[in-house]
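Encoded as structure tokens, the structure appears first; notes follow it.
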Amino acid sequence: MKKILLFAMGLAMSASTLAEETEKVETTIAGDIVSSYIWRGLDAGSTAVQPTLGIGYKGLSLTAWGSYGLTNPDDTKEFDLTLGYSVGGFNIGITDYWFSVGLDPDARYFKYDAHGTNHIFEANIGYDFGVVSLQWFTNFAGNDGENKDGNRAYSSYLEANVPFKLATCDWTATAGVVPFATTFYGTEGFAVTNLALKATKDIKVTDSFSIPVFGQVVANPCSQKAYLVLGFTLHP
């Protein structure tokens, strides 16, 4: 009887520990609707829906993200998987980008040939200092761009973000640069490709549900382009 009692107590303690650990697992389900898809100062498509599904545990996260055009059937479809880890202000990660256009005309997702894939693999590292966050991204495999010599460019991008509050809105000022020549970003050397200002405000629908609405002005001095984006986010 004593052994049975001890065994039952052990099971109860294990179940309690498992329940506590399960509660620490975070799930993200969200979707953005944007008037146009502007990525790092580049025009990546027109009106689009951009779903997110992610799971996180103790700083480790796995996130799926996509973009699908709503008005233009020729817009590139995108599906990304990101494995990341963060602790304090530090973060690091690897992203597998897949696009419906690239080296494979049949747009096969499971085709990973070095010279025939639509995947791009990117590593990132960054730190959030509170008043400003810095993030460095570098493509290390897949369908990367070329440098001036026609070799893999290991295309890189450095971005700084400064958050602040103004007039009941959450604002973010962004500056992004490409340090080297690459056909991936369309640069011939060091170039400023992304200057942006974004404002977000929650629109209250009910006491327990609100919709974040955002507007963003984006300029790309390198390409001499400018954009105005409107969007909103849906999440439980």
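Counting only residues that are among the charged types (D, E, K, R) and in a strand (DSSP E or B), which one in the range 139-164 is surrounded by the fewest Cβ atoms within 10 Å (Cβ to Cβ)? Walk me through it before giving the result.
First, pick out the residues of the range 139-164 that are among the charged types (D, E, K, R): 144, 146, 148-149, 152, 159.
From the residues that got through so far, the ones that are in a strand (DSSP E or B) too are 146, 152, 159.
Numbers: GLU146: 14, ARG152: 17, GLU159: 20.
Residue satisfying both the conditions and the ranking: GLU146.
Filter the range 5-57 down to residues that are among the small types (Gly, Ala, Ser) and farther than 30 Å from LEU197 by Cβ and give me whichever is modelled with the highest pLDDT. Talk me through it step by step, then tell me what you get.
Within the range 5-57, the subset among the small types (Gly, Ala, Ser) is 8, 10, 12, 14-16, 19, 30-31, 35-36, 41, 44-46, 48, 54, 56.
Still in the list and also farther than 30 Å from LEU197 by Cβ: 8, 10, 12, 14-16, 19.
Details: ALA8: 46, GLY10: 52, ALA12: 47, SER14: 48, ALA15: 44, SER16: 49, ALA19: 48.
By that ranking, first place goes to GLY10.
One residue is enough: does the range 171-185 have a residue meeting the conditions surrounded by fewer than 14 Cβ atoms within 10 Å (Cβ to Cβ) and either in contact with a Lys or Arg (Cβ under 8 Å, 6 or more places away or on another chain) or over 19 Å from CYS222 (Cα atoms) (or both)?
Taking the range 171-185 first, the residues surrounded by fewer than 14 Cβ atoms within 10 Å (Cβ to Cβ) are none.
No, because not a single residue in the range 171-185 is surrounded by fewer than 14 Cβ atoms within 10 Å (Cβ to Cβ) and either in contact with a Lys or Arg (Cβ under 8 Å, 6 or more places away or on another chain) or over 19 Å from CYS222 (Cα atoms) (or both).
Out of the range 94-122, which residues are in contact (Cβ under 8 Å) with a residue 40 or more places away in the chain, surrounded by 16 or more Cβ atoms within 10 Å (Cβ to Cβ) and part of a loop (DSSP other than H, G, I, E, B)?
Scanning the range 94-122 gives a single hit, GLY102.
So that you can scan it fast, the table gives a plain yes or no per residue for (1) in a strand (DSSP E or B); (2) farther than 23 Å from GLY186 by Cα:
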position: ASP43; (1), (2): yes, no
position: LEU53; (1), (2): yes, yes
position: ALA64; (1), (2): yes, yes
position: SER67; (1), (2): yes, no
position: ASP75; (1), (2): no, no
position: PHE79; (1), (2): yes, no
position: LEU83; (1), (2): yes, yes
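Criterion first (farther than 27 Å from TRP171 by Cβ and surrounded by fewer than 18 Cβ atoms within 10 Å (Cβ to Cβ)) does LEU134 satisfy it? Steps first, answer last, please.
On the way: farther than 27 Å from TRP171 by Cβ: no; surrounded by fewer than 18 Cβ atoms within 10 Å (Cβ to Cβ): yes.
So LEU134 fails the test.
Counting only residues that are touching a residue at least 12 places away in the same chain (Cβ under 8 Å), surrounded by 13 or more Cβ atoms within 10 Å (Cβ to Cβ) and either more than 17 Å from LEU158 (Cβ to Cβ) or not small (Gly, Ala, Ser) (or both), how many does the range 189-211 have?
10
May I ask you to list the residues in the range 123-173 that are charged (D, E, K, R) and either within 15 Å of THR183 (Cα to Cα) or in contact (Cβ under 8 Å) with a residue 40 or more places away in the chain (or both)?
Our first condition is that a residue be charged (D, E, K, R); within the range 123-173, this holds for 128, 144, 146, 148-149, 152, 159, 165, 170.
Hits for the range 123-173 are ASP144, GLU146, LYS148, ASP149, ARG152, GLU159.
Residue under question is ALA175, and the condition is that it be part of a strand (DSSP E or B) and more than 17 Å from the chain's Cα centre (by Cα); does it hold?
Values: part of a strand (DSSP E or B): yes; more than 17 Å from the chain's Cα centre (by Cα): no.
It is false that ALA175 is part of a strand (DSSP E or B) and more than 17 Å from the chain's Cα centre (by Cα).
Name every residue in the range 182-208 that is of a type outside the set (Val, Ile, Thr), touching a strand residue (DSSP E or B) at 6+ places or on another chain (Cβ under 6 Å) and part of a loop (DSSP other than H, G, I, E, B), in order of residue number.
The answer is TYR185, and nothing else.
Condition check ((1) among the basic types (Lys, Arg); (2) under 24 Å from VAL229 (Cα atoms)) across all residues:
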residue	(1), (2)
GLU26	no, no
ARG40	yes, yes
ASP43	no, yes
ALA48	no, yes
LEU53	no, yes
LYS58	yes, no
ALA64	no, yes
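Have a look at TYR97, TYR157, TYR68, TYR85 and point out the one that is of a type outside the set (A, V, I, L, M) and farther than 25 Å from LEU195 by Cα. Even if it seems obvious, please write down each step before you answer.
Numbers: TYR97 fails: farther than 25 Å from LEU195 by Cα; TYR157 fails: farther than 25 Å from LEU195 by Cα; TYR68 fails: farther than 25 Å from LEU195 by Cα.
Only one candidate passes the filter, namely TYR85.
What's the total number of residues in the range 58-93 that are modelled with pLDDT under 95 and surrounded by 17 or more Cβ atoms within 10 Å (Cβ to Cβ)?
The total comes to 2.
The values are calculated or read from the model by the stated rules, or taken from the named source; none is laboratory data. Since the structure is predicted, the reported quantities are computational estimates derived from the model, not experimental observations. A quick note on method: Cβ atoms are made from the backbone with ideal geometry, for glycine too, and the neighbour counts reach across all protein chains shown.
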